[in-house]
Amino acid sequence: MMYIKFNPAHSTADNLTKAERIFKKFNTAYPFDYKFVDQQYAAQFDNEQRTKTLAGLFATLAIFISCLGLFGLSAYVAESRIKEIGVRKVLGATIFSISKLLSFDFIKLVIVSIVIATPVAWYAMNKWLQDYTYRINLSWVIFFIAGLLAIIIALLTVSFQSIKAAIANPVKSLRTE
């Protein structure tokens with residue numbers, strides 16, 4: 001195996017032709033087979049690219065499934081508390097206060113899950129990064145942004161049902177009483 005640096009003043013094709021001619025002149029027993037260094041480096045990182053793609057795909061799928069579950073749970077909670085929401089609206093509660101009431105329980109659960117998941121994620125990421133010679137240091141900002149994003153996604157998912165329940169006419173919900 002030889003590493004050859006080509007003259008940048010000539011084209012790659014010309015350089016390869018000259019290298020092949022010299023190689024065949026001095027070493028006729030072996031074929032001239034060449035590979036570029038950047039292709040070899042890219043081949044080393046193919047596995048990492050595949051892992052990145054799969055992790056992104058499964059993370060998106062997991063977020064979507066969890067949002068569906070959160071949406072269903074918020075619909076159930078809003079439906080089961082429909083009479084309470086009707087009484088609060090009759091007594092003068094605003095849409096914001098009712099939405100806050102319904103969303104706060106879900107946000108507490110998301111915060112608890114963030115507190116549990118952050119050390120586990122830090123440990124797993126730290127172990128994975130140990131395999132690399134050149135690596136980044138994990139900052140708390142990464143986990144803060146991820147947690148904030150999780151809270152925002154949960155709020156967006158739950159807010160649809162809570163606003164829908166808060167806007168509903170209280171007469172319809174209290175009519176059966």
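The values are calculated or read from the model by the stated rules, or taken from the named source; none is laboratory data. Here the structure is a predicted model, which is why all the values come from computation and not from measurement. So basically every Cβ, Gly included, is an ideal-geometry build from the backbone, and we count neighbours across all protein chains shown. These area figures cover heavy atoms from the full protein model, side chains too; ligands, DNA and RNA do not enter into them. Shrake-Rupley method; radii C 1.70, N 1.55, O 1.52, S 1.80 Å.
Tabulated data
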read-out: Some residue of the stretch 53-73 being free of Cβ contacts under 8 Å to residues at least 60 places away in the same chain, surrounded by 11 or more Cβ atoms within 10 Å (Cβ to Cβ) and not in a helix (DSSP H, G or I); value: no
read-out: Single match in Ile167, Ile116, Ile107, Ile145 (criterion: at negative phi and surrounded by 13 or more Cβ atoms within 10 Å (Cβ to Cβ)); value: Ile107
read-out: Matching residues in the stretch 147-170 - criterion: being without any contact (Cβ under 8 Å) to a residue 12 or more places away in the chain and in a helix (DSSP H, G or I); value: Leu148, Leu149, Ile152, Leu156
read-out: Residue in the stretch 27-44 that is in contact with a helix residue (DSSP H, G or I) (Cβ under 7 Å, 6 or more places away or on another chain) and farther than 30 Å from Thr157 by Cβ present; value: yes
read-out: Residues located in the stretch 31-42, provided they are open to solvent by less than 80 Å² (accessible area, probe 1.4 Å) and in a helix (DSSP H, G or I); value: Val37, Gln40, Ala42
read-out: Filter result for Ala121 (open to solvent by less than 90 Å² (accessible area, probe 1.4 Å) and either at positive phi or at pLDDT 90 or above (or both)); value: yes
read-out: One residue from Tyr76, Tyr132 being over 17 Å from the mean Cα position of the chain (by Cα), open to solvent by less than 90 Å² (accessible area, probe 1.4 Å) and aromatic (Phe, Trp, Tyr); value: Tyr132
read-out: Positions within the stretch 9-30 being part of a helix (DSSP H, G or I) and surrounded by fewer than 10 Cβ atoms within 10 Å (Cβ to Cβ), in sequence order; value: Ala13, Lys25, Phe26
